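Below you'll find the structure, written out as structure tokens, and then a few comments.
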Amino acid sequence: MYANFASWRDLSHNQLRFVNSTIFHNIGSLQKLIINHNHLVELPEFGRNSTLESLSLTHNEIHSLNSSILEDLPKLHTLDLSFNNLVDLPANTFGNSSSLLHLSLSHNRLVSLEKGVFDNLTSLESLKLSKNKLSSIPKELFRQLNTLQHLEINSNSLTQIEGLAFQGLASLVVLKLRHNGISCLQDGSFYGLNRIKKLQLDFNNIRKVTKGWLYGLTSLNRL
């Protein structure tokens, strides 16, 4: 897909702290950009880039996201921000990012997520939130993600799953909640997940399950 060198650039394993947007101006067909293993503290500014489809910025020091930058990337379908220093995501973080299909925020320092933060990601198919510090999942957090198929929230600090926590995930097939501190599963914890086939809850502290915790998991074939 990216066989033509003119369509991709890899600037990984350098000492970059800042990337000037002007360096991309003469690459009119840039589709894939990799800037892993550097020292970036914020997303580079790309200007209006109508061709970029895949952006990888793993193993940097990014601590915040500017929503306007993503709005300038109308064709972006893959964004990997794993292994950074993100602490929070304001509700407008992803602005108008309806083209995004795959988003990885794993291995950051996220403590909480605001309801509505993912509302504009209406085409998202996979979301990775593992290895953060999340202690809860707000109700309706995923309310607009009706195309999401794969969700990972492994290795966080979750202690319980409240009812309707995953409301809106009508297309979800795989849900991974391994290595948390979940001790209780309440009625309707997984309500609405009618298509889910694989649910991982191993390596938790589950001591109590209510009678209706499995309600709605009509397609589940692996637990």
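The values are calculated or read from the model by the stated rules, or taken from the named source; none is laboratory data. Model, not experiment: these values are computed from the prediction. No Cβ is skipped: glycine too gets one built from the backbone with ideal geometry, and neighbour counts run over all protein chains shown.
Table: residues versus (1) modelled with pLDDT under 90; (2) surrounded by fewer than 18 Cβ atoms within 10 Å (Cβ to Cβ).
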| site | (1), (2) |
| --- | --- |
| D10 | no, yes |
| L16 | no, yes |
| V19 | yes, no |
| I35 | no, no |
| L40 | no, no |
| H63 | no, yes |
Worksheet item: What are the residue pairs meeting all of these: first residue in region 81-108, first residue at positive phi, second residue outside any loop (DSSP other than H, G, I, E, B), Cβ atoms under 8 Å, and 6 or more apart or on different chains?
Response: G95/S67; G95/S68; G95/L70; G95/E71
Item to complete: Within region 199-223, track down each residue that is at pLDDT 85 or above, at positive phi and either surrounded by 15 or more Cβ atoms within 10 Å (Cβ to Cβ) or not in a loop (DSSP other than H, G, I, E, B) (or both).
Response: none
Discussion item. If I ask for residues that are within 16 Å of the chain's Cα centre (by Cα) and part of a strand (DSSP E or B), which ones from region 155-198 would you list?
Written reply: V174, L175, K176
Worksheet item: Mind checking which residues of region 89-146 are of a type in the set (S, T, Y) and either assigned to a strand (DSSP E or B) or touching a Pro at 6+ places or on another chain (Cβ under 7 Å) (or both)?
Response: S99, S104, S126
Discussion item. Kindly evaluate L79 against the criterion of being hydrophobic (A, V, I, L, M, F, W, C), out of contact with any Asp or Glu (no Cβ under 9 Å at 6 or more places or on another chain), surrounded by 14 or more Cβ atoms within 10 Å (Cβ to Cβ) and in a loop (DSSP other than H, G, I, E, B).
Written reply: no
Discussion item. Suppose we filter region 32-88 for residues that are among the charged types (D, E, K, R) and touching a helix residue (DSSP H, G or I) at 6+ places or on another chain (Cβ under 7 Å); how many remain?
Written reply: 2
Worksheet item: What number goes with the only condition from (1) surrounded by 15 or more Cβ atoms within 10 Å (Cβ to Cβ); (2) modelled with pLDDT under 90 that P90 does not pass?
Response: (1)
